[in-house]
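Shown next, in structure tokens, is the structure this report addresses.
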Amino acid sequence: MTTTGSARLRAATVLVALLGAGVAGYLTYVHYAELEPFCVGGGGGCERVQSSDQSELLGVPVAVVGLANYLIVASCLLLAGRRLYPLAAGLALAGFGFSVYLTYVELFVIDAICQWCLANAVIATALAALTVALVAAEPVER
């Protein structure tokens, strides 16, 4: 891949990570401010998901876990050059896997859909694909 193409791919990947951080940050704020998340169309799905037992992992809101993951991925891409791209990809793939699990929980355990969580699932999927593409485009030299 050309230098310009790699730079664009990296920029797009960072942008997607920051978009994910924005969604996770909003859900973190809603959790700690004890607000109901704004959801288009109503229905209460977001509130049911946010207040469920599954909305926390070992006492930590999953939104906080997602926020930390997105920010670490973005930091790996911005601060350390190519040598941390594989770590960023691994974290993004872990986030994608966790997102798949949480979507399953929404559908089959909680029986409610949160629009913000679905947006996060799309972002996590895109971030995983982009970070893997970035690693493939710019392999780390040994």
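The values are calculated or read from the model by the stated rules, or taken from the named source; none is laboratory data. Values in this document were obtained by computation on a predicted structure and should not be read as measured data. Cβ atoms come from the backbone with ideal geometry, glycine included; neighbour counts cover every protein chain shown.
Of the set (1) buried (at least 18 other Cβ atoms within 10 Å of the Cβ); (2) part of a helix (DSSP H, G or I); (3) more than 17 Å from the chain's Cα centre (by Cα); (4) not β-branched (Val, Ile, Thr), all apply to Glu47 but (1).
Listed here are the residues, each with its yes/no results for (1) of a type in the set (Gly, Ala, Ser); (2) touching a residue at least 24 places away in the same chain (Cβ under 8 Å); (3) out of contact with any Asp or Glu (no Cβ under 8 Å at 6 or more places or on another chain).
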| position | (1), (2), (3) |
| --- | --- |
| Tyr29 | no, no, yes |
| Glu34 | no, no, yes |
| Ser52 | yes, yes, yes |
| Ser55 | yes, yes, yes |
| Leu67 | no, yes, yes |
| Leu79 | no, no, yes |
| Leu84 | no, no, yes |
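Going by what's in this entry, would Thr4 be described as under 18 Å from Ala136 (Cβ atoms), among the β-branched types (Val, Ile, Thr) and at pLDDT below 90? Yes.
As a summary of the residue check, Asn120 satisfies the conditions (1) within 10 Å of the chain's Cα centre (by Cα); (2) surrounded by fewer than 19 Cβ atoms within 10 Å (Cβ to Cβ); (3) within 25 Å of Ala33 (Cα to Cα) except for the one numbered (2). Out of Leu127, Leu102, I need the residue that is over 15 Å from Ala74 (Cα atoms) and crowded, with 19+ Cβ neighbours inside 10 Å. Which one? Within the list Leu127, Leu102, the selection yields Leu102. The residues of segment 66-81 that are surrounded by fewer than 17 Cβ atoms within 10 Å (Cβ to Cβ) and either more than 18 Å from Ala21 (Cα to Cα) or of a type in the set (A, V, I, L, M) (or both), listed by number, are Ala68, Leu71, Leu78, Leu79, Ala80, Gly81.
With respect to the conditions (1) at pLDDT 95 or above; (2) at positive phi, Gly59 lacks only one, and its number is (1). Scanning segment 87-142 for residues that are assigned to a helix (DSSP H, G or I) and charged (D, E, K, R) gives a single hit, Glu106. Can we say Val64 is over 30 Å from Ala136 (Cβ atoms), part of a helix (DSSP H, G or I), more than 13 Å from the chain's Cα centre (by Cα) and at pLDDT 90 or above? For Val64, the condition - over 30 Å from Ala136 (Cβ atoms), part of a helix (DSSP H, G or I), more than 13 Å from the chain's Cα centre (by Cα) and at pLDDT 90 or above - is not met.
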